[in-house]
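The next block holds one structure in the form of structure tokens; read it before the comments.
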Amino acid sequence: MRSLIALLCLSALSPLLSAERPNIILINIDDLGYADIGPFGGKVPTPNLDRMAQEGMKLTSHYAAPVCSPSRAAMMTGCYPKRVLPIPGVLFPAAAVGLNPKEITIAEALKPAGYATACIGKWHLGDQPEFLPTAQGFDSYFGIPYSNDMGLASEGSKSNPGEPLREPKTAAKAKLQATQGTDETGLKGNSQPPLPMLDGAKVERVKAAEQHTMTRRYTERTVSYIREHKDKPFFLYLPHNAVHWPHYPHQDFMGKSGISLQKDWVMEVDWCVGQVLDTLRELQLDSKTLVIFTSDNGGPTNQGADNTPLRGSKGSTLEGGMRACTIAWWPGRVSGGATTNAITSHMDWLPTFAAIGGGETPSDRKIDGIDLSALLLGDRMAFKPRETFFYYRGFALEAVRSGPWKLHLAKKELYDLDSDPGEAENIAATMSDQVTQLTALAETMKSDLGLDGAEAPGVRPLGRVENPKPLIAP
């Protein structure tokens with residue numbers, strides 16, 4: 001009977017999904033803390049995001065990955081990061097590896113449905129031509145292909161504005177770095193080349209002055225793109241370099257928060273969101289456009305991010321390392337002022353956007369994401385929630401969640417995330433059955449992604465190139 005009800009609900013939903021294809025905008029902020037914005041308890045004014053949440057839905061148990069590249073791989077492919085980008089951490093300039101061109105991205109899933117596609121901002125899935133957005137289904141790309149700290153110290157990439165430039169490492173440290181710090185994932189530390197901004201085939205050198213303008217330039221390019229494509233469905237991926245350290249808000253926002261450069265930049269991000277949503281309203285595209293706002297991981301608390309009430313920081317599999325403040329907005333379709341605590345993730349965007357836009361979710365490979373369209377559009381009966389989520393950091397499975405229960409595997413610490421999202425009270429001693437069940441769930445991943453190490457049956461190959469080159473010669 002339940003399956004029949006679900007089928008009838010899906011049938012009722014299908015006319016909505018098969019109607020005029022909506023535009024889709026995915027805004028991804030870099031290193032934004034869970035509580036850095038007003039709708040999630042932030043301390044600085046974010047009026048545009050406040051309004052976005054009032055008119056849309058907050059996803060309060062939405063998961064990214066602990067760090068940048070894995071998170072973006074999950075977002076683009078609908079898969080656990082280890083499945084499609086098996087690397088220990090993140091990618092760096094001139095990496096010999098990247099997201100395999102054979103993987104199918106959101107852009108490639110939507111193009112058969114007639115979508116124009118663009119990426120404006122930080123890519124971070126490989127900087128060689130074979131790995132860039134234009135080789136992965138995007139019609140155009142404008143942005144810095146990795147983090148804004150992956151450039152020259154002498155040009156401001158390794159210090160905040162107004163701080164002394166960091167001195168190059170000593171010869172001994174440099175030699176050690178040459179032997180230990182350079183591998184197929186790219187150039188690290190002081191061996192990194194100048195920071196590049198790509199605009200099609202053009203490459204611009206980004207110094208400190210240009211870093212201040214990044215967010216504004218991405219925003220202006222986004223507004224122009226929306227205006228140019230207002231008559232055709234489009235998918236626009238807007239992954240900002242903000243608010244990754246070093247913190248470079250535009251001069252108009254420097255000091256505006258009265259707290260820190262990081263919070264100044266949060267305020268500029270809010271301004272950006274306002275520009276995008278106001279443009280959609282002006283062009284009467286708001287009712288035809290799904291906008292998602294999220295972050296690529298939890299915020300780094302040592303750099304000013306706020307993950308309250310969550311424990312942990314970027315780089316960890318604690319909730320503060322992987323939960324992302326996330327808002328879905330689509331006036332007339334997504335209910336205003338709604339909140340969901342369902343377990344959702346970046347892996348879900350590909351199947352969700354494909355369902356909403358009439359695209360194609362790959363059927364020839366395993367996809368870990370689930371379709372959230374029924375949840376977003378208010379048909380809770382048709383929504384089949386995710387029961388289990390696996391917390392990978394690099395190659396290692398470190399925790400598993402089922403319903404409200406989360407088990408950290410190494411120390412066998414158990415938390416009830418519904419009542420204790422800050423993971424403050426370990427209840428393993430009194431809930432041995434839950435510990436046993438979650439441990440068994442983790443063991444099921446042995447035959448798929450494995451529990452540790454790079455190789456496992458379900459891990460797909462990286463893309464690789466020979467003789468990778470920096471985009472700007474050192």
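State whether the residues of segment 218-232 include one that is part of a loop (DSSP other than H, G, I, E, B), modelled with pLDDT of 95 or more, in the same structural domain as Pro112 (by TED's automatic domain parsing) and under 24 Å from Gly42 (Cβ atoms). No, segment 218-232 contains no residue that is part of a loop (DSSP other than H, G, I, E, B), modelled with pLDDT of 95 or more, in the same structural domain as Pro112 (by TED's automatic domain parsing) and under 24 Å from Gly42 (Cβ atoms).
Search segment 243-302 for residues being surrounded by fewer than 21 Cβ atoms within 10 Å (Cβ to Cβ) and β-branched (Val, Ile, Thr), and hand back the single one that is farthest from the chain's Cα centre (by Cα). My answer is Ile259. Ala113 meets the conditions (1) small (Gly, Ala, Ser); (2) farther than 30 Å from Lys230 by Cβ; (3) more than 16 Å from the chain's Cα centre (by Cα) in every case but one. The failed one is (2).
Here Ala473 clears all of (1) within 30 Å of Pro194 (Cα to Cα); (2) at pLDDT 95 or above except the condition numbered (2). Of the residues making up segment 8-34, just one is small (Gly, Ala, Ser), outside any helix (DSSP H, G or I) and either at pLDDT 95 or above or over 16 Å from Arg333 (Cβ atoms) (or both), namely Gly33.
For the residues Glu423, Glu360, the requirement of being in a loop (DSSP other than H, G, I, E, B), acidic (Asp, Glu) and not assigned by TED's automatic domain parsing to the domain that holds Ser287 singles out Glu423. Within segment 46-66, the set of residues being surrounded by 24 or more Cβ atoms within 10 Å (Cβ to Cβ), in a loop (DSSP other than H, G, I, E, B) and within 15 Å of the chain's Cα centre (by Cα) comprises Ala64, Ala65, Pro66. What do you reckon, is Phe383 in contact (Cβ under 8 Å) with a residue 40 or more places away in the chain, outside any helix (DSSP H, G or I) and within 30 Å of Tyr115 (Cβ to Cβ)? When the stated conditions are applied, Phe383 passes them. Which members of segment 103-145 meet the condition of being among the β-branched types (Val, Ile, Thr) and assigned to a helix (DSSP H, G or I)? Once the filter is applied, which keeps residues that are among the β-branched types (Val, Ile, Thr) and assigned to a helix (DSSP H, G or I), segment 103-145 yields Ile106, Thr134.
The condition of being among the polar types (S, T, N, Q) and touching a residue at least 12 places away in the same chain (Cβ under 8 Å) holds for only one of Ser447, Ser402, that being Ser402. On inspection, Thr326 fails the criterion of being in the same structural domain as Pro47 (by TED's automatic domain parsing), surrounded by fewer than 24 Cβ atoms within 10 Å (Cβ to Cβ) and of a type in the set (Ser, Thr, Tyr). Would you check if there is a residue in segment 272-286 being under 20 Å from Trp245 (Cβ atoms) and either of a type in the set (Val, Ile, Thr) or not in a loop (DSSP other than H, G, I, E, B) (or both)? So far as segment 272-286 goes, yes, one or more of its residues are under 20 Å from Trp245 (Cβ atoms) and either of a type in the set (Val, Ile, Thr) or not in a loop (DSSP other than H, G, I, E, B) (or both). Taking the conditions (1) assigned to a loop (DSSP other than H, G, I, E, B); (2) touching a Phe, Trp or Tyr at 6+ places or on another chain (Cβ under 7 Å); (3) not aromatic (Phe, Trp, Tyr) in turn, Glu268 satisfies each one other than (1).
The values are calculated or read from the model by the stated rules, or taken from the named source; none is laboratory data. All values reported here derive from a predicted model rather than from experimental measurement. Reconstructed Cβ throughout: ideal geometry from the backbone, glycine too, with neighbour counts over all protein chains shown.
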